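All remarks here apply to the structure that follows.
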Amino acid sequence: MRMIQAQIPARPVRTLVLGSTSPYRRELLARLRVPFQTAAPHVDETPRPGEAPAALAARLARAKADDVAARYPEALVIGSDQVAELDGQPLGKPGSHERAVAQLRAMSGRTVYFHTALALVCHASGWVAEDMAHVEVRLRQLSDAEIERYLQAERPYDCAGSAKSEGLGIALLEAIVSDDPTALIGLPLIRTARWLRAAGLELP
C-alpha cells in the first residue's frame, strides 16, 4: 500500500476527530491517550464491480476521512475501514446468526486476510497520509457444535468474519500474522501513532 504525506501542518493540531462510530475503534484510539472526538461518516460502502477487498478498504477509509473533514476542516480526521477476504472475495459483517454460521463454516480450517486501511486528513492544511495493515488469520477446523457455542456466547454479528479476536473468538484461531496486531480489531495503532507524530502530536 503506497503512503502519501503532504506538508506537515505549520501549527500544532488542535482537534483530532475519529471519523467512526465503531466502539472498537474508539476504544483502540483511546489507548494512545490523546484527546479526540468522534463523528459519523456518511459514506456508501457498496463495493464497486470487480473491486478487490484491499482496494475497497483503502477507498472507504479515505472517503470516510474526507466526509468528516468537510465538516471539521481545521481538524485532523482519522478514517479507517476493514475488509476481510476469503478466496479473493470480501467478507462483510454477518448481521445475523444464520450468516455468521455460514461465514464460519466457510472459514473453518482456512486462512482469511484482513485488510485494515487508514487515512488521516486535514483539509485546512492539505495534509494527507494513507496506510494499510494486512493481517493473516488462520482458523482451526471448526465443528458445527463449536461454531454454535461460540456464536451463542459472543454474538459477533457486527464483526467482519464473525469472530472477535479480542474476545472468545481467539479460541477459534490457530495463528495471527501481522506487524500491527491491533489492525485486526479495527484500527492499526502502530501506524496511527506514526502518522499522528508526523502531524505534530506528542506521543510517548
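Using alpha carbons only, how many degrees (0 to 90, rounded to 10) separate the axis of helix 144-154 from the longest principal axis of the chain? For 144-154 against the chain, the angle is about 40 degrees. I want to verify a result. In a Gaussian network model of the chain, Cα cutoff 10 Å, which of these has the top mean-square fluctuation: Pro156, Pro188, Pro49? With Cα springs under 10 Å in the chain, the top fluctuation among Pro156, Pro188, Pro49 is at Pro49.
As a proxy for reagent exposure, Ile190, Ile147 were ordered by neighbouring Cβ count within 10 angstrom, fewest first; the result is Ile190, Ile147.
When Thr111, Thr192, Thr182 are sorted by how many other C-beta atoms sit within 10 angstrom of their C-beta, beginning with the fewest, the order is Thr111, Thr182, Thr192.
Simple spin-label estimate for Asp179 and Arg138 gives 2.0 nm between the two label positions (7 Å along the Cα-to-Cβ direction from each Cα). By the count of neighbouring beta-carbon atoms within 10 Å, fewest first, Lys93, Lys64 end up ordered Lys93, Lys64. Residues considered: Val128, Val68, Val34. Largest GNM mean-square fluctuation over the chain, using C-alpha springs under 10 Å, is found at Val34. Radius of gyration over Kirkwood radius for the chain, both on Cα atoms: the Rg/Rh ratio is 0.99.
Computed from the coordinates by the stated procedures, all read-outs in this text should not be read as laboratory data. Every value quoted in this text rests on a predicted model; they were computed, and no experiment measured them. Counting neighbours? That spans all protein chains shown, and the Cβs are built from the backbone with ideal geometry, glycine included.
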